Protein chains: 2
Amino acid sequence: MSDRVSIIEVGPRDGLQNEKTPISVADRIAFVERLIDAGLPKVEVGAFVSPKAVPQMMGSAEVLRGVSHLRGEFHVLVPNEKGYEASQAAGAKVIAVFASASEGFSRANINCSVAESIERFKPVLARAKADGIKVRGYISCVLGCPFDGEVEPQAVVNVARTLFDLGCYEISLGDTIGVGTPVKARELMRAVGGSVPAANLAMHFHDTYGQALANLYAGMEEGVRVIDSAAGGLGGCPYAPGATGNVATEDVVYMLEGMGIRTGVDMEKLLAATNEVAALLGRPPVSRVASALNAKKKRAS
Amino acid sequence: MSDRVSIIEVGPRDGLQNEKTPISVADRIAFVERLIDAGLPKVEVGAFVSPKAVPQMMGSAEVLRGVSHLRGEFHVLVPNEKGYEASQAAGAKVIAVFASASEGFSRANINCSVAESIERFKPVLARAKADGIKVRGYISCVLGCPFDGEVEPQAVVNVARTLFDLGCYEISLGDTIGVGTPVKARELMRAVGGSVPAANLAMHFHDTYGQALANLYAGMEEGVRVIDSAAGGLGGCPYAPGATGNVATEDVVYMLEGMGIRTGVDMEKLLAATNEVAALLGRPPVSRVASALNAKKKRAS
């Protein structure tokens, strides 16, 4: 398995969006700068969504403009044409759209069926294609849904294939509530890999039940080589407040490096970025690696 | 992989031994009772070591006597002949001895070489054999040592083979400081499995860097089917105070059940046992599953 893996750092968006405390635009820009400097060149930096609904993502245009001089690939979430236009005004070159693998989550999250949600962002994909903008497709609830429970792999395959056919360069498979376990994760990657090339798939796992690294390892056995993660394990789970959020970038990097896979990440710099944001949020990072390294530092000092 | 896995619950010994706050004999007996009731029939309940050196294990004879009427298999740690005699006076039927895979850890921990430590417990093993007492062998630092760094798999193979030849029915391979990663864990199980049958191996992993479940999954791919874990992830790491301890039984059970492996564990009862001890220790459990389930309960109430 000692080949390359690409990490998409989603802390500044998927992470912070699910934290209670909003972080200022200036602090979010500084966070992205630190992440880039730590060796994470692909960062999801914001979302062009309603600031009323998601105050944490307010000022995403400023964040995107504020980091545009840095060497990196910056992703922003775009829910509709209005968001697309705002993203383009801010200079976005990579956008992300999202659909759900489960009807229950689609209804609860965006108040429409899965098929309707895909119809909604077709114009976004058409415009992005015309404008030469790369589009990443997120699928949520791929290993379980807080409303529907079990999700059939075939439902994920169908949405993934549709997004890929519509032009998404990468399909990020999200275990939104972290209920997946390794055999199921591997079987899902195999199933989706039968319809979309594994090279175009990403794993976006949450660590709610501590399964994320095992699931990533299992998914890698099926050849998936792109991993979404958030510095410090930022982001909670709206369906279990107080639970762990995204798999922590530190923990992923530790595993990959231990597997002989070079990530190019400077762990010390990443830890500093994580600790900075944790201080702003007023709580310690939930990453196991960050906890262990911080404990070691404390002991040494 | 949907066959049987056996869990050895080490919370009352390896867990509590590494917690700062000592727990009373009565509370430890109650803890073991709850674990048995939760469906964990194999529990490590104490250690016949110096109460001065390890005050947390004081009264292990009383704990063992206090649970002897319960249906279960109770393990106690025994470092030498004196400990063996004390364990027999208390009615122990399964004892555990320990050696290190690394010279540095052996020196620091028990002030002798690995070879000397094996010589030391040879009389214990001889007496146990004569007395019809089962002996489990622990090997520490199998995936890394806080003093020597990397540990050669061959060093682990040698100690494992020696313990097995001396009559240990099971060799528990301990990643004492939690630095292992899945490819190395799998390779180690393959290497040791070449000298000792996989059926006689156990994985004893710590979650210091969040890698334990991934490592267990990887080790299971080599056929190892016995897992040591501690309720609530009890136990810290003396080399990184504040870091995570043993892999949490809840997290292991969640993974196994998700893999279609029936554990027989009642998660609700296990969570209650964990929360009870966490309250005595004055801190929340570090198990991800326990955190998520507690968060859900809090929200529902």
Query raised in the report: Are any residues in segment B:136-158 surrounded by fewer than 18 Cβ atoms within 10 Å (Cβ to Cβ) and on the phi > 0 side of the Ramachandran plot, and if so, which ones?
Result: B:149
**Report entry** Subset tally (residues that are surrounded by fewer than 13 Cβ atoms within 10 Å (Cβ to Cβ) and among the aliphatic types (A, V, I, L, M)) for segment A:49-61
**Finding:** 1
Report task. Could you please let me know if residue B:125 is open to solvent by less than 60 Å² (accessible area, probe 1.4 Å), under 30 Å from residue B:264 (Cα atoms) and not in a strand (DSSP E or B)? Result -> no
Query raised in the report: So how many residues does segment A:210-245 have that are part of a loop (DSSP other than H, G, I, E, B), open to solvent by less than 10 Å² (accessible area, probe 1.4 Å), at pLDDT 95 or above and facing chain B (nearest Cβ under 7 Å)?
Result: 1
Report summary line: From the option list A:104, A:83, single residue qualifying as farther than 15 Å from residue A:29 by Cβ and either in a loop (DSSP other than H, G, I, E, B) or touching a Gly at 6+ places or on another chain (Cβ under 9 Å) (or both) is A:104
Query raised in the report: Of all residues in segment B:15-28, which are open to solvent by 30 Å² or more (accessible area, probe 1.4 Å) and out of contact with any Asp or Glu (no Cβ under 7 Å at 6 or more places or on another chain)?
Result: B:17, B:18, B:20, B:21, B:22, B:24, B:26, B:27
Report summary line: Filtering segment A:192-209 down to residues that are surrounded by fewer than 24 Cβ atoms within 10 Å (Cβ to Cβ) and in a loop (DSSP other than H, G, I, E, B) yields A:194, A:195, A:196, A:197
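Residue-by-condition table, conditions (1) more than 8 Å from chain B (Cβ to nearest Cβ); (2) part of a helix (DSSP H, G or I); (3) free of Cβ contacts under 8 Å to residues at least 60 places away in the same chain; (4) under 20 Å from the mean Cα position of the chain (by Cα):
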position: A:261; (1), (2), (3), (4): yes, no, no, no
position: A:271; (1), (2), (3), (4): yes, yes, yes, yes
position: A:275; (1), (2), (3), (4): yes, yes, yes, yes
position: A:279; (1), (2), (3), (4): yes, yes, yes, no
position: A:283; (1), (2), (3), (4): yes, no, yes, no
position: A:289; (1), (2), (3), (4): no, yes, yes, yes
position: A:294; (1), (2), (3), (4): no, yes, yes, no
position: A:297; (1), (2), (3), (4): yes, yes, yes, no
Report summary line: Given (1) within 22 Å of residue A:289 (Cα to Cα); (2) open to solvent by 20 Å² or more (accessible area, probe 1.4 Å); (3) assigned to a loop (DSSP other than H, G, I, E, B), residue B:167 misses just (1)
Query raised in the report: Residues of segment B:25-79 being within 17 Å of residue B:7 (Cα to Cα), part of a loop (DSSP other than H, G, I, E, B) and β-branched (Val, Ile, Thr), which ones?
Result: none
Query raised in the report: Given the conditions (1) touching a residue at least 40 places away in the same chain (Cβ under 8 Å); (2) out of contact with any Ser or Thr (no Cβ under 7 Å at 6 or more places or on another chain), which single one is not true for residue B:9?
Result: (2)
Query - Close pairs from segment B:160-175: first among the β-branched types (Val, Ile, Thr), partner assigned to a helix (DSSP H, G or I), Cβ under 8 Å, at least 6 apart - result: B:162/B:118; B:171/B:160; B:171/B:163; B:171/B:164; B:171/B:192; B:171/B:200
**Report entry** Among the candidates A:136, A:120, A:127, residue that is farther than 28 Å from residue B:292 by Cα, of a type in the set (Lys, Arg) and under 19 Å from the mean Cα position of the chain (by Cα)
**Finding:** A:136
**Report entry** Complete set of residues in segment A:111-127 that are in contact with a helix residue (DSSP H, G or I) (Cβ under 7 Å, 6 or more places away or on another chain) and over 18 Å from residue A:155 (Cα atoms)
**Finding:** A:123, A:124, A:127
Report task. Please work out if residue B:92 is at pLDDT 95 or above, small (Gly, Ala, Ser) and crowded, with 18+ Cβ neighbours inside 10 Å. Result -> yes
Query - Verdict on residue B:167 being more than 11 Å from chain A (Cβ to nearest Cβ), at positive phi and over 15 Å from the mean Cα position of the chain (by Cα) - result: yes
Query raised in the report: Of the numbered conditions (1) surrounded by fewer than 17 Cβ atoms within 10 Å (Cβ to Cβ); (2) in a helix (DSSP H, G or I), residue A:112 satisfies every one except a single condition; which is it?
Result: (2)
Requested in this report: Would you confirm whether any residue within segment A:62-79 is touching a His at 6+ places or on another chain (Cβ under 9 Å), surrounded by 15 or more Cβ atoms within 10 Å (Cβ to Cβ) and among the aromatic types (Phe, Trp, Tyr)?
Outcome: no
Query raised in the report: Are any of the residues in segment A:173-185 open to solvent by 10 Å² or more (accessible area, probe 1.4 Å), more than 8 Å from chain B (Cβ to nearest Cβ) and modelled with pLDDT under 95?
Result: yes
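The values are calculated or read from the model by the stated rules, or taken from the named source; none is laboratory data. Just so it is clear, the model here is predicted, and its values are computed rather than measured. No Cβ is skipped: glycine too gets one built from the backbone with ideal geometry, and neighbour counts run over all protein chains shown. Calculation scope for accessible area: heavy atoms of the full protein, side chains included, ligands and nucleic acids excluded. Shrake-Rupley method; radii C 1.70, N 1.55, O 1.52, S 1.80 Å.
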